[in-house]
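S.K.: Here you go, one structure.
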Protein chains: 4
Amino acid sequence: MILDVDTGVDDACALLLAALHPDLDLRAVTCVGGNAPLADVVRNTLTVLTTAGRDDVPVAAGADRPLLEDPVDARHVHGQDGMGDLDWPVAARAADDRHAVELLRDHLLAAAATGERVTLIPLAPLTNIALLLRTYPAVAQGIERILFMGGAAAVGNATASAEFNIFHDPEAAAIVFDSCADLGITLGMYGLDVFYEPRITRAQAAELIAADPQGPAGLAGRLVTFQCDRFGGESATIGDAGAVAAVIAPDSLTTSKLPARVELTGRYTRGRTIVDHRDWSGDLTHDPHGQSDVIVDVALAVD
Amino acid sequence: MILDVDTGVDDACALLLAALHPDLDLRAVTCVGGNAPLADVVRNTLTVLTTAGRDDVPVAAGADRPLLEDPVDARHVHGQDGMGDLDWPVAARAADDRHAVELLRDHLLAAAATGERVTLIPLAPLTNIALLLRTYPAVAQGIERILFMGGAAAVGNATASAEFNIFHDPEAAAIVFDSCADLGITLGMYGLDVFYEPRITRAQAAELIAADPQGPAGLAGRLVTFQCDRFGGESATIGDAGAVAAVIAPDSLTTSKLPARVELTGRYTRGRTIVDHRDWSGDLTHDPHGQSDVIVDVALAVD
Amino acid sequence: MILDVDTGVDDACALLLAALHPDLDLRAVTCVGGNAPLADVVRNTLTVLTTAGRDDVPVAAGADRPLLEDPVDARHVHGQDGMGDLDWPVAARAADDRHAVELLRDHLLAAAATGERVTLIPLAPLTNIALLLRTYPAVAQGIERILFMGGAAAVGNATASAEFNIFHDPEAAAIVFDSCADLGITLGMYGLDVFYEPRITRAQAAELIAADPQGPAGLAGRLVTFQCDRFGGESATIGDAGAVAAVIAPDSLTTSKLPARVELTGRYTRGRTIVDHRDWSGDLTHDPHGQSDVIVDVALAVD
Amino acid sequence: MILDVDTGVDDACALLLAALHPDLDLRAVTCVGGNAPLADVVRNTLTVLTTAGRDDVPVAAGADRPLLEDPVDARHVHGQDGMGDLDWPVAARAADDRHAVELLRDHLLAAAATGERVTLIPLAPLTNIALLLRTYPAVAQGIERILFMGGAAAVGNATASAEFNIFHDPEAAAIVFDSCADLGITLGMYGLDVFYEPRITRAQAAELIAADPQGPAGLAGRLVTFQCDRFGGESATIGDAGAVAAVIAPDSLTTSKLPARVELTGRYTRGRTIVDHRDWSGDLTHDPHGQSDVIVDVALAVD
Ligand SMILES: [Ca+2]
Ligand SMILES: [Ca+2]
Ligand SMILES: [Ca+2]
Ligand SMILES: [Ca+2]
């Protein structure tokens, strides 16, 4: 498994889960500018992995901005350091010399050469993945599937139509959708239709902190507490970690393979993931757009 | 109550209900090109009203095409005559000399002058209503509310994003949304989120035909039978008649006042009614579109 | 000849020319909100016609705002009264009771009934004309041609792409383009490619004022002086009056019949009149848009 | 100088000029899918360089398709082999192992390290350059300027609005425009406003062939003859070679530094390069788009 992240409070929990769960084999982590500026994302990611005792996992910096949209600064949401301003000790090591796109290419082509397949989990704007697939399409042979956190079949959060990760780089998302269809890559969407449902309570977070104050459980507990404080509730969504959990326990989600597209040009719908629930076995020849060639496995409900 | 129709099998049932229900006062019917060409719509509308014994209700022809979209011919769906090819006897009388926009203006300004308010129920593309509100905005004083059949908060039917009536004339819909906000007109949307739910069975239709073969019940029964045949089921939605029923029994619907917009410019979302379910009491200042000024009372469920 | 105006300094000069030139037969003037609010436009138009001794020409108020765009207030450009704040005596008479669309319909259908044809000259956003053509398409039989001031084959003024009259109501312009093609109406465009060229000097304006201080020449002279002051030059374009002049002396313009469209959906090109100069006798089958069905007689140069 | 090409008849002439002109130092050539599929482009490019005796110039294959648009096949225009089907002997050597984006990165970072600056001349859709600038923005330090063949200030050729290279990958063009402004790279546009003017005659082509039948002059002559045949004229534009010529003799062009943008979302204007000729020293505060941050040195006339 390789994660692409913009750590980010949500991504930090997902990283901890991916780094430590016995069923998972975290091979590399790539970073992209998003919730926080790229340099902060890299530092935060290294810090989380060091906390998890996973300095063996290479980390690479990638795109520092979206393809066409202006960069967004969400520090008012994720804290000045992008990870809750916890004063957590910073990692000693540095990132890989390679660009994220090259690190991904090297791992995926190596996997392809040995007949392996790696699951790619982007938890951030899809800029790195779009650059990867358009520059090195041969990596498709090394990809088991791409399961991204983002999008929404029903309603958005960035706008009434669009979810944040897609809205921050709609062209990247459209490229990933199109590339997966072109290159035969299985694409899964873990979006807002399920994102807010798996939750952890403030009490559970306190137990985590008590059990292991300076270790990964403690970090996870503090991040959850930060989220509870930020939204003023007694529990918080596990957020991006839900996409990692979906790999561990796929039966926990109801998913459906549906035609989908990314809208790029709408005045109010730019960045919307259009998921088509209609029955295409009926007569839909009147539809000027036809059925999308892109079939996405959309998570629709948490069981 | 005034209906604006593109009769149309669905509209015919709605007209029968509006013409005959004791709680309703049907004042006029205006016609617009849509499901069928305008001349067919006018003929079908007059035929339905004559069958209902309501030759007192004036009928006027309006726009023969959408503002910008090409006209659509749905005769393969609604039959060659646009109303199920039932060979039903045609009405003897002719339409009013006035254009639909003038008939609406005259009725609504007359109502305004006496302090009355009329409910306007469009069951077709909103071309006539858009022309009315932009040409004669003073009619707002005579309108109780506009409750239109069309749109969708969730998924579309014409496309994955858009419902047919809105898709056939998106600019007209956008004008109506904007005008209602500008002019203080209450706007209700009876769309796909509820449209398919109130149903009538083939057996019920047979009873209606048996009870009154040549009368309005018989016509309604035959139209329902046509719909069952067309979609190959044992029951059919009551369709446009649901919007009229919603006036008779408003408690049968769960509705919610929500910010809404019509998308005009999306490659795949043109004609979508964007209904905003987000909690605007939270911080949505990041949203570049802001909250829509247009608040629509959206029917979300049938009780 | 009928003028549709948003008087407006430019329109005032055009009205004087149309009202007084011996070769022209000014039948009616309709007003639309644009450079100034509708009430000001009507007052200014009546004032100009009274000054010209043409109280016989009916004037009607039309649309007070564009179809979809927000109304624009250009009082900082045209003065508080929309006509240069000249303190010119206001007309005694009032506008016609009919809406502009009805006045146009009545004149054009009357012309059609007698086999006449009237030239229609819109010098403002095309809202009234769009409402007219979509509500009463039969008026086409009474129209000799429509020659509008607006658009640009090369560069815009409202934006880099669009001219003001089209930019203020792009949907109306698109409707007029489409209707003219549908209904067989000859459409001429007097746009920015020629608009700035016919000029009158400050000295010529002074002569006009001296010759007839309180009469139409004096008003014209003062309006030109206002324009010279506004743009800080020794001469001013005759502006909208150029379109009227083009009817009087058609040979003064080089025009070309070219395929054209109005762009509605571009982020930076909304309101652009796309004039196609390519050689369609060659192979343009690669063009996904095909050739426009709308052929416009575009004024490209002043001789 | 580095060229990015989709060889292509036009590009072949440009390559010959860049490879052989004594004032130029051709360092590398990168290839992109466009006029011909990528494999053909690479083979043609190697062939041209071998003919020119320049096997020292590295050639790398890049993107095989646009970022979002579908790939285009123009073999009906450029011949089955993409270069006029001349049966010209194919080069013996193969392309560099690196991806075009990496070859560009390596050359440009090396230049930056030594304080050099390289001129980059894209003669094809801008996919490679967009991937380069978004993946490795630090290359900006090694770029003297980017002078691309493409775009149009006036009218298009692919559509009425857009030129082919931009139309084939509008997002790539928009990324290059934006990146150049962001990263301080000088951007020049050699587009349709000048493209068709520098011409070479069929007779001149025959002289080239006679002088050196199997050498570079002979190849150039045959390519020009192919172009004359294809368009049925006695002369042909020198095409992409004009952009190389503009580096050799910059005074041969009239250029102007103007604000510019790439339109992505217009129904009929997608791919248009909007060049703003307005006087921004005047009051253009009404323009909702404001002045573009991107200033392009646009070639407007050939002297
Ligand atoms: Ca994230
Ligand atoms: Ca209907
Ligand atoms: Ca005007
Ligand atoms: Ca080329």
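S.K.: Name the residues in the stretch B:100-116 that are of a type in the set (Gly, Ala, Ser), closer than 19 Å to C:His99 by Cα and surrounded by fewer than 23 Cβ atoms within 10 Å (Cβ to Cβ), would you?
M.R.: Pass one, the stretch B:100-116, residues of a type in the set (Gly, Ala, Ser): B:100, B:110-113, B:115.
Pick out the ones that are also closer than 19 Å to C:His99 by Cα and you get B:100, B:110, B:112-113.
Passing the criteria: B:Ala110, B:Ala112, B:Ala113.
S.K.: What tally of residues in the stretch C:179-196 results from selecting those that are surrounded by 14 or more Cβ atoms within 10 Å (Cβ to Cβ) and more than 14 Å from the chain's Cα centre (by Cα)?
M.R.: Total meeting the criteria: 9.
S.K.: If I ask for residues that are in contact with a Lys or Arg (Cβ under 9 Å, 6 or more places away or on another chain) and among the aliphatic types (A, V, I, L, M), which ones from the stretch A:64-82 would you list?
M.R.: A:Leu67, A:Val77 - these are the residues of the stretch A:64-82 that are in contact with a Lys or Arg (Cβ under 9 Å, 6 or more places away or on another chain) and among the aliphatic types (A, V, I, L, M).
Quick grid of which residues meet (1) touching a residue at least 24 places away in the same chain (Cβ under 8 Å); (2) closer than 13 Å to B:Ala60 by Cβ; (3) within 16 Å of ligand 1 (Cβ to nearest atom):
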residue: B:His78; (1), (2), (3): yes, no, no
residue: B:Gly82; (1), (2), (3): yes, no, no
residue: B:Asp87; (1), (2), (3): no, no, no
residue: B:Arg93; (1), (2), (3): yes, yes, no
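S.K.: Still on this structure, please answer the following. Just give me the residues in the stretch C:153-187 being of a type in the set (A, V, I, L, M, F, W, C) and away from chain D (no Cβ under 11 Å), in sequence order.
M.R.: Those that are of a type in the set (A, V, I, L, M, F, W, C) and away from chain D (no Cβ under 11 Å): C:Ile166, C:Ala172, C:Ala173, C:Ile175, C:Val176, C:Phe177, C:Cys180, C:Ala181, C:Leu183, C:Ile185, C:Leu187.
S.K.: Among all residue pairs at least 6 apart or on different chains, which show Cβ distances below 6 Å where the first residue, located in the stretch B:5-21, is more than 14 Å from chain A (Cβ to nearest Cβ) and the second is within 16 Å of ligand 4 (Cβ to nearest atom) and not aliphatic (A, V, I, L, M)?
M.R.: Within 6 Å, no pair qualifies.
S.K.: Residues that are within 21 Å of D:Leu49 (Cβ to Cβ) and more than 16 Å from ligand 1 (Cβ to nearest atom): does the stretch D:155-178 have at least one?
M.R.: no
S.K.: Are any of the residues in the stretch B:216-238 under 30 Å from A:Glu263 (Cβ atoms), surrounded by 18 or more Cβ atoms within 10 Å (Cβ to Cβ) and more than 14 Å from every other protein chain (Cβ to nearest Cβ)?
M.R.: Taking the stretch B:216-238 first, the residues under 30 Å from A:Glu263 (Cβ atoms) are B:231, B:237.
Subsequent filtering for residues that are surrounded by 18 or more Cβ atoms within 10 Å (Cβ to Cβ) retains B:237.
With more than 14 Å from every other protein chain (Cβ to nearest Cβ) added as a condition, the list becomes B:237.
Yes, the stretch B:216-238 contains at least one residue that is under 30 Å from A:Glu263 (Cβ atoms), surrounded by 18 or more Cβ atoms within 10 Å (Cβ to Cβ) and more than 14 Å from every other protein chain (Cβ to nearest Cβ).
S.K.: Take the stretch B:288-299 and flag every residue that is facing chain A (nearest Cβ under 9 Å) and closer than 26 Å to B:Ile121 by Cβ.
M.R.: B:Ser292
S.K.: Shifting gears a bit: Quick one: would you say A:Gly191 is in contact (Cβ under 8 Å) with a residue 40 or more places away in the chain, among the small types (Gly, Ala, Ser) and farther than 22 Å from A:Pro66 by Cβ?
M.R.: So A:Gly191 does not fit the description; no.
S.K.: Sort through D:Thr30, D:Thr47 and tell me the only one that's within 14 Å of chain A (Cβ to nearest Cβ), in contact (Cβ under 8 Å) with a residue 24 or more places away in the chain and either within 16 Å of ligand 1 (Cβ to nearest atom) or buried (at least 22 other Cβ atoms within 10 Å of the Cβ) (or both).
M.R.: Going through D:Thr30, D:Thr47 in turn, the sole match is D:Thr30.
S.K.: Another question, if that's okay. On the basis of being farther than 30 Å from C:Arg278 by Cβ and in contact (Cβ under 8 Å) with a residue 60 or more places away in the chain, does C:Leu109 make the cut?
M.R.: no
S.K.: Follow-up. Of all residues in the stretch C:57-78, how many are over 19 Å from the mean Cα position of the chain (by Cα) and either among the small types (Gly, Ala, Ser) or farther than 23 Å from C:Glu171 by Cβ (or both)?
M.R.: 1
Per-residue answers, yes or no, for (1) in contact with a strand residue (DSSP E or B) (Cβ under 7 Å, 6 or more places away or on another chain); (2) at pLDDT 95 or above:
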{"site": "C:Val9", "(1), (2)": "no, no"}
{"site": "C:Thr51", "(1), (2)": "no, yes"}
{"site": "C:Gly62", "(1), (2)": "yes, yes"}
{"site": "C:Pro89", "(1), (2)": "no, no"}
{"site": "C:Leu108", "(1), (2)": "yes, yes"}
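S.K.: Can you report the number of residues in the stretch B:290-303 which are assigned to a loop (DSSP other than H, G, I, E, B) and in contact (Cβ under 8 Å) with a residue 24 or more places away in the chain?
M.R.: Here the count works out to 5.
S.K.: Does A:Thr285 qualify as being within 12 Å of chain B (Cβ to nearest Cβ), free of Cβ contacts under 8 Å to residues at least 12 places away in the same chain and crowded, with 21+ Cβ neighbours inside 10 Å?
M.R.: No.
S.K.: Of all residues in the stretch B:65-94, count the ones that are charged (D, E, K, R) and within 14 Å of chain C (Cβ to nearest Cβ).
M.R.: 3
S.K.: With more than 16 Å from ligand 1 (Cβ to nearest atom), within 14 Å of chain B (Cβ to nearest Cβ) and in contact with a Phe, Trp or Tyr (Cβ under 9 Å, 6 or more places away or on another chain) as the only criterion, which of A:Arg270, A:Arg278 stands out?
M.R.: Values: A:Arg278 fails: in contact with a Phe, Trp or Tyr (Cβ under 9 Å, 6 or more places away or on another chain).
Sole residue among the options that is more than 16 Å from ligand 1 (Cβ to nearest atom), within 14 Å of chain B (Cβ to nearest Cβ) and in contact with a Phe, Trp or Tyr (Cβ under 9 Å, 6 or more places away or on another chain): A:Arg270.
S.K.: Filter the stretch D:148-157 for residues that are aliphatic (A, V, I, L, M) and in contact (Cβ under 8 Å) with a residue 60 or more places away in the chain; which is farthest from ligand 3 (Cβ to nearest atom)?
M.R.: Residues of the stretch D:148-157 that are aliphatic (A, V, I, L, M), as a first pass: D:149, D:152-155.
If we keep only those that are in contact (Cβ under 8 Å) with a residue 60 or more places away in the chain as well, we get D:149, D:152-153.
Details: D:Met149: 41, D:Ala152: 30, D:Ala153: 28 Å.
Going through the qualifying residues, I end up with D:Met149.
S.K.: Tell me the residue from C:Thr127, C:Thr119 that is closer than 25 Å to C:Asn35 by Cα, touching an Asp or Glu at 6+ places or on another chain (Cβ under 7 Å), of a type in the set (Val, Ile, Thr) and surrounded by 24 or more Cβ atoms within 10 Å (Cβ to Cβ), please.
M.R.: When all the criteria are applied, what remains is C:Thr127.
S.K.: Return the pair list, or none, for Cβ contacts closer than 7 Å from residues in the stretch C:54-75 that are more than 14 Å from B:Ala130 (Cβ to Cβ) to residues that are part of a loop (DSSP other than H, G, I, E, B) and β-branched (Val, Ile, Thr), at least 6 apart or on different chains.
M.R.: Every condition considered, the pairs that remain are C:Gly62/C:Val32.
S.K.: Next question. When you go through (1) in contact with a Leu (Cβ under 8 Å, 6 or more places away or on another chain); (2) at pLDDT 95 or above one by one for B:Arg27, which number turns out not to apply?
M.R.: Unmet for B:Arg27, out of (1) in contact with a Leu (Cβ under 8 Å, 6 or more places away or on another chain); (2) at pLDDT 95 or above: (1).
S.K.: Another one. Restricting the first residue to the stretch D:122-147 and requiring it to be more than 9 Å from chain A (Cβ to nearest Cβ), which pairs with a second residue that is of a type in the set (D, E, K, R) and assigned to a helix (DSSP H, G or I) meet a Cβ separation below 8 Å and a spacing of at least six or different chains?
M.R.: D:Leu123/D:Asp10; D:Leu123/D:Asp11; D:Ala124/D:Asp11; D:Leu132/D:Arg105; D:Val139/D:Arg105
S.K.: Of the residues D:Ala174, D:Ala160, only one is in a helix (DSSP H, G or I), touching a residue at least 40 places away in the same chain (Cβ under 8 Å) and of a type in the set (A, V, I, L, M, F, W, C); which?
M.R.: The match here is D:Ala174.
S.K.: Still on this model: Consider the stretch B:130-169. How many of its residues are charged (D, E, K, R), crowded, with 24+ Cβ neighbours inside 10 Å and either within 17 Å of B:Gly239 (Cα to Cα) or away from ligand 2 (no atom under 15 Å from the Cβ) (or both)? Before you say what the answer is, go through the steps one by one.
M.R.: In the first step, residues of the stretch B:130-169 are kept if they are charged (D, E, K, R); the result is B:134, B:144-145, B:163, B:169.
From what is left, the residues that are crowded, with 24+ Cβ neighbours inside 10 Å are B:134, B:163, B:169.
Next cut, either within 17 Å of B:Gly239 (Cα to Cα) or away from ligand 2 (no atom under 15 Å from the Cβ) (or both) only: B:134, B:163.
Qualifying residue count for the region: 2.
The values are calculated or read from the model by the stated rules, or taken from the named source; none is laboratory data. Predicted model only: the values in this text are computed from it and were never measured. Positions of Cβ are backbone-derived with ideal geometry, glycine not excepted, and every protein chain shown enters the neighbour counts.
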